[in-house]
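**Q** Quick one: structure below, then a few questions.
The values are calculated or read from the model by the stated rules, or taken from the named source; none is laboratory data. It should be emphasised that the depicted structure is a prediction, and the values quoted were computed from it without experimental measurement. Virtual Cβ from ideal backbone geometry, glycine too; neighbours counted across all protein chains shown.
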Amino acid sequence: MTVEEYNKSVDLFADGIYRFVLKTLKDQDMAKDTVQDTYEKLWTKHKEVSYEKVKSYLFTTAYHASIDQIRREKKKGDIEMGHSLDISTNEQYSDVQEVLSKAVEQLPEIQKSVLLLRDYEGYSYEEIGEITGLNESQVKVYIFRARLFLKNYLVSIENII
Amino acid sequence: MTINRLNYELFLVDYLDGKLDPFLVAELLIFLEQNPDIKEEYDGIQNSVLEKEAITFPNKSILKKKSFSKNGIDDELAYLCISSVENLLSEEEQNLLNKKIYDDVSLKKELLLFDKTVTVADQSIIFKSKSRLKRTSIVPIRQSSYKVYVGVAASIALLIGMFTIGKIILTNNSINDIQENSFSIANYQPIKKNIESVDIKTMSRKEEGNTLKNSFSKTVNSEKAVAIELKDSAKIEMPIPEKIQRIELSELTTSNNWPETISSDILSKQTYPITLNKHLYASNDDIENGGHIKEIGVFEIIQYGVKSIGDFFGANLQLNAKKDKNGKVKEIHFESKLIAFTAPVGKNE
């Protein structure tokens with residue numbers, strides 16, 4: 001990959017990676033740092049990574065960096081994880097996407113990651129598998145379970161409202 | 001127990017149900033023979049026993065539960081709905097889903113709910129510091145070629161710089177206008193510094209690095225220096241940023257008679273000389289540190305030439321230098337949107 005291609009990858013993918021990492025980590029500063037680290041790693045290997053594979057490389061690196069970050073934070077107890085259907089009735093929602101956004105935050109990390117890669121980036125199951133190190137069937141299962149959880153969340157919100 | 005007219009019903013019901021003890025059955029039958037009215041009643045009851053009819057439930061299959069589990073989903077409808085969202089439905093599954101929705105319209109709402117689980121990225125969230133991630137090209141250039149390229153570029157920049165500065169002087173034809181225009185070399189936003197007091201006893205032409213407290217010092221190595229008097233106020237306006245300072249003076253006069261010393265009397269009138277001949281601008285750091293006023297040398301003219309070229313093409317070209325204590329350029333750094341390089345300056349480098 002040339003320097004021009006590297007810079008083009010910044011223009012094309014930095015926003016997407018930032019959104020993905022931000023949703024995963026829920027912390028702007030950590031997300032920015034992760035994006036920078038991701039591109040730093042790409043730069044050190046830019047001669048070995050072909051431009052065709054750069055998006056996958058970036059998301060793979062960002063995903064693993066996010067998971068590492070979450071593990072570190074989990075040890076500190078700063079980030080709480082959970083899968084219980086936690087619905088706050090005090091929240092004011094303006095649209096479905098806002099509700100979904102809340103629901104996505106409650107998904108287990110792995111389900112959240114595969115769902116975001118699927119919906120935000122339109123990756124195939126196979127590509128998501130390559131990024132996350134899962135096989136295609138596992139990816140499918142996580143996505144199906146995530147959707148079921150989101151649907152139940154929507155139903156619960158509907159019932160509350 | 002003997003069967004009689006008072007208790008025969010107990011035995012008769014058990015007999016009809018087939019539960020009567022065989023020993024008592026014979027006794028009961030004898031009793032019925034002895035009591036014809038009760039036998040008649042028994043015959044009526046016997047005829048009223050219902051027999052099983054061959055009636056079956058027509059659609060047992062819909063009541064049955066299937067053992068279903070696909071892609072981690074145990075509910076078939078949920079599986080079909082999610083598969084629909086994921087565009088994974090086979091033709092058979094699509095038909096099954098359609099049939100289910102046709103049979104029960106309320107299931108359509110279920111499908112719509114699953115449709116809503118597709119999250120959409122918020123495009124307003126962007127990574128703002130993309131420029132910090134970008135890299136500039138590194139082009140390997142042979143040293144001999146590099147010297148030629150840099151030499152040619154420097155010559156062009158030098159010519160343009162000299163031409164532009166000369167044009168300013170010739171066009172405006174007065175030192176006051178030079179003040180106005182030449183300091184636009186820096187072309188930066190100015191700041192104002194008010195010098196409230198100048199605490200100095202003497203200042204000589206030969207001194208180097210002589211200090212003016214809270215102000216600036218000077219280096220005089222020109223035969224002809226320009227003395228500037230700040231009469232009404234000692235306000236100095238300087239362009240800032242990084243290195244360059246703009247000095248706006250209220251009045252400029254040229255003088256061939258540089259005073260050997262400056263008495264405190266002069267200072268008390270808020271009047272003191274500033275060399276301008278070679279000293280068009282000064283480094284902010286230098287002034288703050290009480291150091292030297294920078295001279296406009298070849299590098300500064302080249303620097304100005306580079307900037308002029310950048311302005312002409314609408315590009316942000318920057319040429320900076322690291323200097324040693326004596327003001328000798330040790331390293332130059334050029335930066336533009338497309339290319340940046342740092343190069344040492346010296347005969348053997």
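**Q** For region B:54-73, indicate whether the set of residues that are at the interface with another protein chain (Cβ under 10 Å from one of its Cβ atoms), at pLDDT 80 or above, part of a loop (DSSP other than H, G, I, E, B) and under 14 Å from residue A:147 (Cα atoms) is non-empty.
**A** Scanning region B:54-73, I find at least one residue that is at the interface with another protein chain (Cβ under 10 Å from one of its Cβ atoms), at pLDDT 80 or above, part of a loop (DSSP other than H, G, I, E, B) and under 14 Å from residue A:147 (Cα atoms), so the answer is yes.
**Q** So, one more: Scan region A:1-48 for residues that are facing another protein chain (nearest Cβ under 8 Å), among the charged types (D, E, K, R), closer than 17 Å to residue A:121 by Cβ and surrounded by 17 or more Cβ atoms within 10 Å (Cβ to Cβ) and jot them down.
**A** Scanning region A:1-48 gives A:15, A:19.
**Q** To continue, here is another question. Which one of the conditions (1) facing another protein chain (nearest Cβ under 7 Å); (2) crowded, with 17+ Cβ neighbours inside 10 Å does residue B:100 fail to meet, given that it meets all the rest?
**A** Against the list (1) facing another protein chain (nearest Cβ under 7 Å); (2) crowded, with 17+ Cβ neighbours inside 10 Å, residue B:100 comes up short only on (1).
**Q** Among the numbered conditions (1) in contact with a strand residue (DSSP E or B) (Cβ under 9 Å, 6 or more places away or on another chain); (2) part of a loop (DSSP other than H, G, I, E, B); (3) small (Gly, Ala, Ser), tell me where residue B:83 comes up short.
**A** Condition not satisfied by residue B:83: (2).
**Q** Can I ask one more? Select the strands (runs of 3 or more DSSP E) contained entirely in region B:310-349, then report the ones holding at least 3 residues which are more than 25 Å from residue A:4 (Cβ to Cβ). Working first, answer last.
**A** Values: elements: B:318-323, B:329-335, B:340-344.
The strands (runs of 3 or more DSSP E) meeting that bar are B:318-323, B:329-335.
**Q** Within region A:1-32, can you find the residues that are free of Cβ contacts under 8 Å to residues at least 24 places away in the same chain and within 12 Å of the chain's Cα centre (by Cα)?
**A** Across region A:1-32, the qualifying residues are A:18, A:22, A:31.
**Q** Could I ask something else about it? Only one of B:20, B:24 is in contact with an Asp or Glu (Cβ under 9 Å, 6 or more places away or on another chain), modelled with pLDDT of 85 or more and part of a helix (DSSP H, G or I). Can you tell me which? Break it down into steps so the answer makes sense when it comes.
**A** Details: B:20 fails: part of a helix (DSSP H, G or I).
Going through B:20, B:24 in turn, the sole match is B:24.
**Q** Shifting gears a bit: Just checking, does region A:122-141 include any residue being at the interface with chain B (Cβ under 7 Å from one of its Cβ atoms) and aliphatic (A, V, I, L, M)? Quick ask: steps written out before the conclusion?
**A** In the first step, residues of region A:122-141 are kept if they are at the interface with chain B (Cβ under 7 Å from one of its Cβ atoms); the result is A:140-141.
From what's left, aliphatic (A, V, I, L, M): A:141.
Scanning region A:122-141 turns up at least one residue that is at the interface with chain B (Cβ under 7 Å from one of its Cβ atoms) and aliphatic (A, V, I, L, M).
**Q** On to the next question. Return the residues of region A:114-144 that are surrounded by fewer than 19 Cβ atoms within 10 Å (Cβ to Cβ), among the hydroxyl-bearing types (Ser, Thr, Tyr) and assigned to a helix (DSSP H, G or I); say none if nothing qualifies.
**A** Across region A:114-144, the qualifying residue is only A:137.
**Q** Cβ contacts < 6 Å: first residue under 14 Å from residue A:123 (Cα atoms), restricted to region A:57-75; second residue surrounded by fewer than 17 Cβ atoms within 10 Å (Cβ to Cβ) and among the charged types (D, E, K, R), any location; separation 6+ or different chain. Result?
**A** Going by the 6 Å Cβ cut-off, there are no qualifying pairs.
**Q** For the subset of region A:102-112 comprising residues that are within 12 Å of chain B (Cβ to nearest Cβ) and of a type outside the set (A, V, I, L, M), which member is nearest to residue A:157 (Cα to Cα)?
**A** As a first pass, look at region A:102-112 and keep what is within 12 Å of chain B (Cβ to nearest Cβ): A:102-105, A:107, A:111-112.
Remaining after also requiring of a type outside the set (A, V, I, L, M): A:102, A:105, A:111-112.
Values: A:102: 11, A:105: 15, A:111: 21, A:112: 19 Å.
Looking at residues that are within 12 Å of chain B (Cβ to nearest Cβ) and of a type outside the set (A, V, I, L, M), I get A:102.
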